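Below is one structure, written out as structure tokens; comments come after it.
The values are calculated or read from the model by the stated rules, or taken from the named source; none is laboratory data. These numbers were taken from a predicted model, which means no experiment stands behind them. All Cβ positions, even for glycine, are placed from backbone atoms using ideal geometry, and neighbour counts span all protein chains on display. Ligands, DNA and RNA are stripped out before the accessible areas are found, and what is left, the full protein with its side chains, is counted by its heavy atoms. Shrake-Rupley method; radii C 1.70, N 1.55, O 1.52, S 1.80 Å.
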Amino acid sequence: MSQYRTFTAADAVEYAKRYGRIDDPSALVSAEEIGDGNLNLVFKIYDNQGVSRVVVKQALPYVRCVGESWPLTLDRARLEAQTLVEHYKYCPQHTVQIIHYDADLAVMVMEDLSHYRIWRSELVKGVRYPEASRQLGEYLAQTLFHTSDFILHPHQKKAEVARFINPEMCEITEDLFFNDPYNDHQRNNYPAALEPLVASLRHDDALRIAVAALKHRFFANAEALLHGDIHSGSIFVAEGSLKAIDAEFGYFGPIGFDVGTAIGNLLINYCGLPGLVAPREAADAREQRLADVHDIWSTFSARFLQLAKEKTTDIALGYPGYAQAFLRKVWADTIGYCGTELIRRTVGMSHVADMKLIKDVAMRTECLRNAITLGRTLILAADHVEDVDALIARIRQAG
């Protein structure tokens with residue numbers, strides 16, 4: 001990476017002039033650094049009328065929220081760009097467009113989404129986008145089916161698995177999802193009042209074995225090219241539209257991981273709503289989150305089955321009934337990974353606004369407690385929940 005240098009705002013403007021595919025590049029005059037995540041620099045590039053035209057994103061060689069003491073691979077920029085390029089092929093309506101990327105500089109230029117909003121922020125504010133959950137289900141079905149063994153020739157599939165090897169970013173996932181919350185780790189972060197509950201996770205044999213199995217499948221099951229971090233903070237929404245962004249954790253893994261992560265973030269919001277809005281409003285919004293969960297799975301599974309029926313190329317995988325049997329396994333994985341997402345967002349270091357913005361300390365602690373308890377319940381019940389209606393009934397029962 002001898003060419004690598006950390007971009008300034010001026011660098012980002014000059015780069016956008018060269019690679020942004022703007023009709024009049026000279027009109028690009030300024031940049032604003034808007035990155036508020038843990039890993040990257042993100043610049044909006046403005047023209048001389050003050051209109052944001054493109055976005056320049058550059059990976060840093062360390063975890064931004066920690067500093068240089070936690071080094072990180074720059075290759076994640078290539079992996080992110082190529083994951084989004086692949087996903088755009090199959091679902092352009094719901095994937096951010098990558099205009100250009102440069103592996104040496106760990107930088108990409110992408111379409112501007114200034115008229116969109118981050119879905120998590122909108123959920124926290126109680127703003128509803130009626131089509132978003134079905135659009136997310138469509139994105140998951142299209143991207144995961146078209147990068148799976150159902151349609152890729154085995155030679156191509158194996159080559160793609162090799163191209164998207166992402167060991168350093170996967171290690172972060174492995175630690176934050178499957179290791180840290182179930183051990184006494186310094187990265188964990190939760191209220192002292194929850195120590196007895198969190199300690200009980202460490203000593204629950206059935207839970208630890210179930211989490212180990214989920215981690216093992218994350219290691220071993222290269223089923224499709226995952227986004228790898230498809231939570232409500234990596235999704236932009238607008239009226240009638242949804243776009244997935246931020247795919248630096250992309251790799252070939254178990255399909256249920258992406259679906260479970262997506263659903264898990266809606267359930268984080270479900271658990272946090274009593275502390276975010278008034279009681280009657282919270283009750284209505286929680287019912288909406290459950291409807292969203294239903295829509296994601298129903299849309300994903302129906303579209304996946306339709307694609308399997310129409311496009312499966314492998315003679316064995318195309319045998320009648322196999323796709324349905326495969327989705328039953330994906331469903332169990334989905335519930336399990338959903339549970340690990342709930343726990344890692346509450347016990348681990350990666351807390352989110354759905355909980356952090358709850359002002360009342362006692363209420364926030366109670367919402368965290370409910371999310372941890374629900375996560376544990378889902379992990380343990382994953383093999384025994386028949387369908388999405390049974391899942392929603394179990395969530396209601398858990399409170």
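Using a Gaussian network model of the chain with C-alpha springs under 10 Å, which one of 273, 307, 225 is most mobile by mean-square fluctuation?
So, out of 273, 307, 225, the one fluctuating most is 307.
So the label point goes 7 Å from the Cα of residue 213 along Cα→C-beta, right? Which residues of the range 334-360 then have their backbone N under 18 Å from it?
Within reach of a label on residue 213, which here means backbone N under 18 Å from a point 7 Å along Cα→Cβ, the range 334-360 contributes 334-341.
For residue 329, go through the lysines and keep the ones whose alpha-carbon is under 20 Å away, minus same-chain ones fewer than eight residues off.
Within the straight-line limit of under 20 Å, residue 329 reaches these lysines: 215, 309.
Would you mind classifying the range 259-399 by shape? Square roots of the alpha carbon gyration tensor eigenvalues, ordered a ≥ b ≥ c; an a/c under 1.5 is rounded, otherwise it is prolate if a/b is larger than b/c and oblate if not.
Prolate shape, in that a/c is at least 1.5 and a/b is the bigger ratio.
Using the heavy atoms of the protein chains alone and a 1.4 angstrom probe, what is the accessible area of the chain per residue in square angstrom?
Heavy-atom accessible area per residue stands at 42 Å².
Using a probe of 1.4 angstrom, how much of the accessible area of the range 172-319 is carbon and sulfur, in percent?
53 percent
Rounded to the nearest 500, what is the 222 nm mean residue ellipticity of the chain from helices alone, with -39500 (n - 2.57) per DSSP H run of 4+ residues and division by all residues?
-16500 deg cm²/dmol
Over the range 73-219, what is the relative contact order in whole percent, taking alpha-carbon pairs under 8 Å and six or more residues apart?
Computed value for the range 73-219: 17 percent relative contact order.
For the range 178-183, what does the Karplus curve 6.51 cos²θ - 1.76 cosθ + 1.60, with θ = phi - 60°, yield as ³J(HN,Hα) per residue in whole Hz, taken in order and with x for Gly and Pro?
10, 10, 3, x, 9, 9
How far is it, in nm, from the label point at residue 10 to the one at residue 200 when both lie 7 Å from their Cα along the line to the Cβ?
Using points 7 Å along Cα→Cβ, the separation is 5.9 nm.
For the range 39-148, which whole percent of the accessible surface, found with a 1.4 angstrom probe, sits on carbon and sulfur atoms?
The C+S portion of the solvent-accessible surface of the range 39-148 is 48 percent.
Name the residues whose placed amide hydrogens come within less than 5 Å of the amide hydrogen of residue 30, ignoring near sequence neighbours (fewer than 5 apart) on the same chain.
46
Tell me, in nm to one decimal, what length is gained between residue 287 and residue 153 on full extension, where the rule is 0.36 nm per residue of separation less the Cα-Cα distance?
That pair, residue 287 and residue 153, stretches by 44.0 nm at full extension.
Take the alpha-carbon centre of the range 281-298, take the same for the range 1-24, and report the distance between them in whole Å.
That distance is 42 Å.
Residue 185 label point, 7 Å along Cα→Cβ, cut-off 11 Å on backbone N: hits in the range 149-171?
171
Picking from 94, 124, 28, whose Cα lies most toward the positive end of the charge dipole for the range 24-135 (charges on Cβ: Lys, Arg +1; Asp, Glu -1)?
Among 94, 124, 28, the one farthest towards the positive end of the dipole of the range 24-135 is 124.
For the chain, modelled as a GNM with alpha-carbon contacts under 10 angstrom, which of 33, 310, 138 fluctuates the most?
Among 33, 310, 138, the largest mean-square fluctuation in the Gaussian network model of the chain belongs to 310.
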